[in-house]
Amino acid sequence: MKEYDPNDAIDYIYTNAPAYAKAKGELAELEAFKSSLKAIKMSESSEQSLGAQEREAYRSEAYQSLCKAIGLATENAEALRWKLLAAQMRVDIWRSQEASNRNIERLTK
């Protein structure tokens, strides 16, 4: 089994937490803008009914581009999240192994 230095995992979490926070912030910003963009596109529509305006807004290139950006931002945030969780798991595993080693040492003395 490969040995992990818990300090490396903690350093990883510490140095990558800002990137994760930024990714989550970007995702939140895109999600918030989604409703605004829909309203903007609906107001630009020449259609009279709300349903037709909504349809026009959803099919606009800007709205579709925003949805793709939300998908990419979600992917980025989730990738960072799971890397951070994996680093945390390494620290937890190390902690458990050290506790087991201490118990073995106590039993073999």
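The values are calculated or read from the model by the stated rules, or taken from the named source; none is laboratory data. Please read these numbers as outputs of a predicted model, since none were measured by experiment. Neighbour counts are summed over all protein chains in view; Cβ atoms, including those assigned to glycine, are modelled from backbone coordinates with ideal geometry.
What to note about this one:
- Of residues in segment 30-43 being surrounded by 13 or more Cβ atoms within 10 Å (Cβ to Cβ) and not aliphatic (A, V, I, L, M), the one nearest to the chain's Cα centre (by Cα): 31
- Cβ pairs under 7 Å, 6+ apart, first in segment 76-91 and over 12 Å from residue 12 (Cβ atoms) and touching a residue at least 12 places away in the same chain (Cβ under 8 Å), second part of a helix (DSSP H, G or I) and not polar (S, T, N, Q): 76/23; 77/20; 77/23; 77/24; 77/27; 81/20
- Which numbered condition residue 79 fails, given (1) modelled with pLDDT of 90 or more; (2) more than 11 Å from residue 23 (Cβ to Cβ); (3) loosely packed, with under 14 Cβ neighbours inside 10 Å: (2)
- Residue that is surrounded by the most Cβ atoms within 10 Å (Cβ to Cβ) [pool: residues in segment 16-29 that are among the small types (Gly, Ala, Ser) and touching a residue at least 40 places away in the same chain (Cβ under 8 Å)]: 23
- Apart from one condition, residue 46 fits all of (1) surrounded by 12 or more Cβ atoms within 10 Å (Cβ to Cβ); (2) not in a helix (DSSP H, G or I); the exception is (1).
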